[in-house]
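Quick note: the coordinates plus some simple rules give every number you see, no bench work behind them. Here the structure is a predicted model, which is why all the values come from computation and not from measurement. So basically every Cβ, Gly included, is an ideal-geometry build from the backbone, and we count neighbours across all protein chains shown.
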Amino acid sequence: MTVLHAEGRRNVSLRSRVILLTAACVAGAVALASVGAFVVVSTNLYAQVSSSVEYNTKATASALGSGQYRTLTLVGPPDLTFAEIGPDGMKPEVGRQPPKISAVERNLINSDPGTCTDPRTDNTTHTVVMACTYATGQVLVASQSLKPTEDLLQKLALVLVFVGIGGVLVAALAGTAVAQGGLRPVTRLRQATDHVTATGDLRPIPVTGDDELSLLTTSFNTMLGALAESQERQRRLVGDAGHELRTPLTSLRTNLELLLASEKPGAPTLSAEDRQEIYDDVQAQIAEMTTLIGDLVELAREDAPQAVHEPVDMVELVERALDRARRRAVGQQFLVTVQPWYLLGEAHALERAVLNLLDNAVKFTPADGVVRLEMKPVGDGTMLIEIADSGPGIAEADLPHVFERFYRSSEARTLPGSGLGLAIVAQAAERHGGKAYAGRAPEGGALMTLRLPGRPSPA
């Protein structure tokens with residue numbers, strides 16, 4: 001039963017909940033105000049009746065005691081009645097219904113003149129009764145009907161009920177207007193979401209105002225922009241990858257077709273030298289495609305958002321990358337200067353970035369050249385990893401583009417590589433809050449710099 005009730009509440013629309021909440025709040029406020037008003041008015045009215053009875057009783061008793069009144073004949077307002085209690089019993093006021101006498105008033109006959117009881121309410125007759133001794137053995141009893149007061153309170157209660165119902169209806173109408181106007185941006189947002197789902201169109205939604213719903217729409221537009229940018233990166237990556245794969249695939253297909261054609265009967269035979277050259281070409285193309293596909297997989301993996309919480313010792317990471325780079329070197333020397341540096345990040349991505357920079361430096365450094373690696377803090381909470389080679393350097397026109405995907409300078413087109421290594425470096429740096437730079441080294445070669453945040457000691 002509880003599950004059904006919870007499900008029913010979840011199925012109520014936000015607009016209906018706003019209307020119901022507004023009506024409930026107004027109903028509660030009206031009910032509290034009505035109850036408070038009724039209590040205050042009824043208390044005051046009953047107090048006024050009691051004060052009236054007390055005043056008239058004491059005034060009439062004083063007049064009787066001083067001899068001003070000889071008999072009780074239509075004294076006071078029409079709903080106020082008197083009676084006298086003496087040794088001979090009760091003598092009511094002429095022409096009016098006598099009050100109901102209790103033991104409280106009868107016992108007053110033995111009291112001194114001027115003694116009075118407090119006004120009391122008789123619930124059986126709906127009257128307020130009071131008595132005063134005005135002479136020895138003579139008691140004046142007065143009572144006033146509460147019926148006019150009760151009739152007035154009934155009318156007041158009826159009015160308050162109708163006012164409360166009217167207030168709830170007005171609140172429901174106001175809640176409907178507020179829901180329709182205030183939730184209009186939510187409706188537009190839902191429609192935009194449905195449009196994106198149905199069409200894939202990621203155009204932003206027009207934003208008006210500066211309230212919370214407008215801020216929500218702005219955040220949604222920001223999300224749409226990020227999604228559109230991600231889709232554009234994917235399309236560009238797929239397009240560039242297709243373009244880069246087309247050349248080795250075409251060459252590989254041509255070589256294989258040539259080998260197969262040479263095996264057919266009657267076809268010209270290939271010399272052993274030509275056949276070996278084709279085999280070498282096929283192996284090189286397969287190696288190139290393997291490298292390209294591996295870099296594409298790495299780049300796609302780097303595109304995926306990941307939580308970065310692993311403590312990384314950069315000195316240890318750089319040493320591992322250097323060991324791998326030295327195994328691939330063909331005689332180049334490494335000049336290394338490192339300083340302690342720690343950060344929270346992904347060790348695999350950072351090691352791949354450093355290794356890519358080292359491989360790039362080795363590729364452009366002659367066999368008897370030097371590759372220089374230097375780690376140095378710069379005093380602003382970041383550290384620089386500078387890797388310089390002894391090659392020809394990077395042309396000024398190529399410097400702004402070296403970290404773009406598949407970009408290869410004219411000098412690098414004849415060298416092995418996919419054109420994705422430096423793009424992976426830049427992406428890894430950005431994911432860790434850093435940046436990658438390219439420039440010219442004092443030695444004349446290229447200078448690649450990786451700036452990363454962190455601290456010189458473990459956390």
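Going from the residue with the fewest nearby Cβ atoms within 10 Å to the one with the most, 116, 132, 25 rank 25, 116, 132.
Dipole check for the stretch 309-403: with +1 at the C-beta of Lys and Arg, -1 at the C-beta of Asp and Glu, and the Cα centre as origin, the magnitude is about 340 Debye. Take the Cβ atoms of residue 122 and residue 25, set R0 to 56 Å, and the FRET efficiency comes out at 0.85. With both labels modelled 7 Å from their Cα along Cα-to-Cβ, the residue 155 to residue 282 distance reads 11.2 nm.
A DSSP coil position with no more than 11 other Cβ atoms inside 10 Å describes the following GluC sites (Glu not before Pro) in the stretch 328-403: 396.
Relative contact order for the stretch 307-453 using alpha-carbon pairs under 8 Å, separation at least 6, rounded to a whole percent? So the answer I get is 24 percent.
Arranged from fewest to most other beta-carbon atoms within 10 Å of their beta carbon, 380, 389 become 380, 389.
Stretching the chain fully between residue 16 and residue 136 yields a gain of 35.7 nm (0.36 nm per residue, less the alpha carbon separation).
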